[in-house]
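The values are calculated or read from the model by the stated rules, or taken from the named source; none is laboratory data. Since the model is a prediction, treat every value here as computed from it, not as a measurement. Don't worry about glycine lacking a Cβ; one is built from the backbone with ideal geometry, like all the others, and counts go over all protein chains shown. Heads up: the accessible areas ignore ligands, DNA and RNA and are worked out on the full protein's heavy atoms, side chains in. Shrake-Rupley method; radii C 1.70, N 1.55, O 1.52, S 1.80 Å.
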Amino acid sequence: MKVIVLGAGIVGVTSAYQLARAGHDVTVVDRQSGPALETSFANAGEVSFGYCSPWAAPGIPMKAMKWLFMKHAPLILRPKLDMAMLSWMARMLSNCTSERYAINKSRMLRLADYSRIALAELRAETGIAYDERMQGTLQLFRTQQQLEASAKDVKALAADGIPYEVLDRDGCVRFEPALKHVRDKIVGGLLTPKDETGDCFKFTNALAAKAEALGVRFAYGTTIKALDVDAGRVRGVTTDRERMSAEAVVVALGSYSPLLLKPLGIRLPVYPVKGYSLTIPITDASRAPESTVMDETYKIAITRLGDRIRVGGMAEISGYTNDLGLARRSTLEHSVTDLFPGGDISKASFWSGLRPMTPDGTPVIGPTKVAGLFLNTGHGTLGWTMSTGSARLIGDLVSGRLPEIDARDLAISRYGLNRPGNTKEG
């Protein structure tokens, strides 16, 4: 079929590659001048097959109240009279129960583990290099309370057969030797050894080149105006340059997906949650992490990417704004210098991106009520982690094949919305 993929971030490019391998005639459309220039550009760099959890979790409402008064808070809320924001927040709060957390985390782990296999096979198939490392993620606890609270995650990992190890202080230092300088600041950690790290921007650009070699066309610098739908079926896309016809369209526009879908009566509960990162050159390797350390107190990931450290995190709910707040930079600097002192943060580059978050933390992958229109979006902080598995799913679904894993509970229908005749935002 003739397929148009909207978005050239990590999710769009992996989708295009899989669709091309399935034999489809694929065009990717993006407003930027190249691949991975928005949310995929400078993310945290962690590929977290085991360390993946919904933001909506038991205890989060109470924690959020405390975070509002913290100097270095992992959550920043800038409320406004925005019904999409208020509706999304209400739905997220409704997912902060033990029952919903278990369901949502299980979905995420299923897709993440599928992506682990898909990424390994893709790497072997293409030989792509992207500063990759396969040394795991260490979730670092500064307090005994944090260590004890990790029991719910350990239970979920065990139930899904995901390898893990609970470490004491000495175990954390053995895994990340640079922590010996601050060993008294930590009490323990949770290690997920199958996790990986890598530069998402490098990977996406390299895979885009492989996709082009398969015949995929990339229409960069092209603004998407509307989806063309007639008689309940998608017919193509209208851009600022031309009308492009297609038999299937895959929407992989991250946080901007709901804006394109709303005129069709498709209420996609995805909202932008801004994250920030610093990229710091390594000046002393003995004081740098070997893989990813997740600072649980500040919800910040500190990741080794070749000769750089990527420090990423925080969740700012402030709408479609991409400004760089100096207070956010201060939080990133505080976390990395507190755990890995001695680096030169004066040479760091500062960045922000809008993560497309769903209220339950699970991406939306699958068909819509419009025939031929598919979604692959809403991955939140885990687009890099889940991209290769999500791309395989969308490749199978567009091609009419049965996916290798159950994808029914990833579709937009799980929200009970967007059925024919239902255009209300429930």
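Looking only at residues in the range 186-213 that are over 24 Å from E38 (Cα atoms) and more than 21 Å from the chain's Cα centre (by Cα), the one that is surrounded by the most Cβ atoms within 10 Å (Cβ to Cβ) is G189.
Out of W55, W88, one residue alone is outside any helix (DSSP H, G or I), under 20 Å from the mean Cα position of the chain (by Cα), of a type outside the set (S, T, N, Q) and under 24 Å from N376 (Cβ atoms). It is W55. Is at least one residue of the range 222-234 among the hydrophobic types (A, V, I, L, M, F, W, C), outside any strand (DSSP E or B) and surrounded by fewer than 17 Cβ atoms within 10 Å (Cβ to Cβ)? Within the range 222-234 (the criterion being among the hydrophobic types (A, V, I, L, M, F, W, C), outside any strand (DSSP E or B) and surrounded by fewer than 17 Cβ atoms within 10 Å (Cβ to Cβ)), the answer is yes, since at least one residue qualifies.
Condition check ((1) part of a strand (DSSP E or B); (2) touching a residue at least 60 places away in the same chain (Cβ under 8 Å)) across all residues:
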| residue | (1), (2) |
| --- | --- |
| L324 | no, no |
| R328 | no, yes |
| L332 | no, no |
| T337 | no, no |
| G343 | no, yes |
| S346 | no, no |
| G353 | yes, yes |
| P356 | yes, yes |
| G361 | no, yes |
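Checked against the criterion of being in contact with a Phe, Trp or Tyr (Cβ under 9 Å, 6 or more places away or on another chain) and among the basic types (K, R), the range 304-327 contains not a single residue that satisfies it. Among the conditions (1) at pLDDT 95 or above; (2) of a type outside the set (A, V, I, L, M); (3) in contact with a Gly (Cβ under 7 Å, 6 or more places away or on another chain), the only one that D82 does not satisfy is (1).
Of all residues in the range 121-155, which are small (G, A, S) and open to solvent by 40 Å² or more (accessible area, probe 1.4 Å)?
Quick first cut of the range 121-155, residues small (G, A, S) only: 124, 127, 129, 136, 149-151.
Across the range 121-155, the qualifying residues are A124, G127, A129, A149, A151.
Taken together, I10, I60, I76 contain a single residue that is under 20 Å from the mean Cα position of the chain (by Cα), closer than 27 Å to W351 by Cα and without any contact (Cβ under 8 Å) to a residue 60 or more places away in the chain, which is I60. Comparison of G319, G366, G361 shows that the only residue that is at positive phi, surrounded by fewer than 19 Cβ atoms within 10 Å (Cβ to Cβ) and of a type in the set (G, A, S) is G319.
Restricting to the range 329-352, name every residue that is open to solvent by 50 Å² or more (accessible area, probe 1.4 Å), out of contact with any helix residue (DSSP H, G or I) (no Cβ under 7 Å at 6 or more places or on another chain) and of a type in the set (G, A, S). Residues satisfying the conditions are S346, S349. Out of curiosity, is L111 outside any loop (DSSP other than H, G, I, E, B), surrounded by 15 or more Cβ atoms within 10 Å (Cβ to Cβ), modelled with pLDDT of 95 or more and aliphatic (A, V, I, L, M)? For L111, the condition - outside any loop (DSSP other than H, G, I, E, B), surrounded by 15 or more Cβ atoms within 10 Å (Cβ to Cβ), modelled with pLDDT of 95 or more and aliphatic (A, V, I, L, M) - is met.
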